[in-house]
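What follows is calculated from the coordinates using simple rules that are stated; it is not laboratory data. What you see is a predicted model; the values in this text were computed from it and never measured. Using ideal geometry, Cβ is built from the backbone for each residue, glycine included, and neighbour counts are taken over all protein chains shown.
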Amino acid sequence: LPQLAVGDIVADQYEIKGCIAHGGLGWVYLAFDKNVNDRPVVPKGLVHSGDAEAQAIAMAERQFLAEVTHPGIVKIYNFVEHADK
């Protein structure tokens, strides 16, 4: 099951509206950025946030996506850590 629920606030900024997908490493959510006029954002959370390999993969993905500019690839606006429930 997703670790975040509707109404949860991540990093005092992102209000979770629901889970929209999941994959091998984690869950993908729809949220609104409370600091930017409720702009829709798509946060991703790791299934096993304490897993060093999962963290390394997430970091590599973050670095790659931060450097890529393409209309078909998501743009990273921010990277935050959120305590597990």
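How high is the FRET efficiency from E81 to N37, r the C-beta distance, R0 25 Å, rounded to 0.05? After rounding to 0.05, the efficiency reads 0.55. Evaluated at q = 0.21, 0.26 Å⁻¹, a Debye calculation over the C-alpha positions of the chain (equal weights, vacuum) places log10 I(q)/I(0) at -1.11, -1.49. For the peptides 33-43, 13-23, 59-69, the ranking by packing is 13-23, 33-43, 59-69, with the highest mean count of neighbouring Cβ atoms within 10 Å listed first. Calculated FRET efficiency, S49 to I73, Cβ-Cβ distance, R0 = 41 Å: about 0.95 to the nearest 0.05. Note on A56 and A11: with the Förster distance fixed at 22 Å, the Cβ-Cβ geometry gives a FRET efficiency of about 0.55.
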